[in-house]
Each structure stands twice: as structure tokens, then as C-alpha cells.
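Since the structure comes first, as C-alpha cells, the remarks are kept for the end.
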């Protein structure tokens, strides 16, 4: 028997992630599981080879960014998608894949449900895949939800 008590659904607030979040909510209701929703804010990467020339952002910038993300995350789950046993939201700073894998390990998550854009070829090689890295490194099974293909115009 499969026991799933904690489900993690990362979100970048895109429509792709919304689809995965719907799946996660439905699964959390079906398994009477906790649902954890996480958003990762990326640290600023220096655009100059000389970090001394980079502007330093005031602490308020980071605090405001985190507050906005937390508010958006709080509204990300719609009641009609399913009712998990409990809902926990978290905003973390860092590299998305690393922060998600760390959170899954820290909270002893049983399943990660994540959106994938399904990129191939050059765009995949250039942009990489957060979902692919999570599949390789997560301490638990990962369910990837590929978004529906865009309709032809």
C-alpha cells in the first residue's frame, strides 16, 4: 500500500504551475495528505564580473519581495481543486531546484508534484530544467505534470 502523508507542490505562479497545483490538491484530498506549497525567490546574480560594481539592494527590497510572494502563495490554492488535510505555504530564497529538494528532505515529503514545460532541444540545453534536476535529486518520488500544448494560432 502506498502511504502519502505529505505532498509538495512548488509554484512560480505561472499557468503551468497552476495545473500541477490542481493535481497536488486533488491528490492531497484523495490521500488525506498535508499539502505544502513553496515558492523560491532567486538571489540576485551579479551582472558584472566585478561584484564591487554591483548595486547593493536595501533589506527592504528583499522583505517586500518576500511579503508579495507570501501573499500570492496564500491565494494560489483554490478550494474547488480539493481539500488537503492541511495547507502549509513557504517562501524560500536560493536556487529553485536546490531549495525545493532541501525543503522536501527537511519536511519528509512523500511526493513532489511539479510542472514541467516540456522543453526539448536547444531551449532545454540553454535553459536547463528545474523539474529534471528535482527528479534526479529529490528524496522522494516526483510526479511531473506537463502543460497542455499551446493551441495552433
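The values are calculated or read from the model by the stated rules, or taken from the named source; none is laboratory data. Because the structure is predicted, anything quoted here is derived from the model rather than measured. In this analysis, Cβ positions are derived from the backbone assuming ideal geometry, glycine residues included, and neighbour counts consider all displayed protein chains.
Going through (1) surrounded by 11 or more Cβ atoms within 10 Å (Cβ to Cβ); (2) at pLDDT 95 or above one by one, residue 108 falls short only on (1). Among the candidates 28, 99, the residue that is under 21 Å from residue 132 (Cα atoms), at pLDDT 95 or above and part of a helix (DSSP H, G or I) is uniquely 99.
Each residue in region 69-78 was checked for being assigned to a helix (DSSP H, G or I), at pLDDT 90 or above and more than 9 Å from residue 91 (Cβ to Cβ), and 2 of them qualify. Taken over region 80-96, the criterion of being assigned to a helix (DSSP H, G or I) and either under 20 Å from residue 114 (Cβ atoms) or at pLDDT below 90 (or both) is satisfied by 81, 96.
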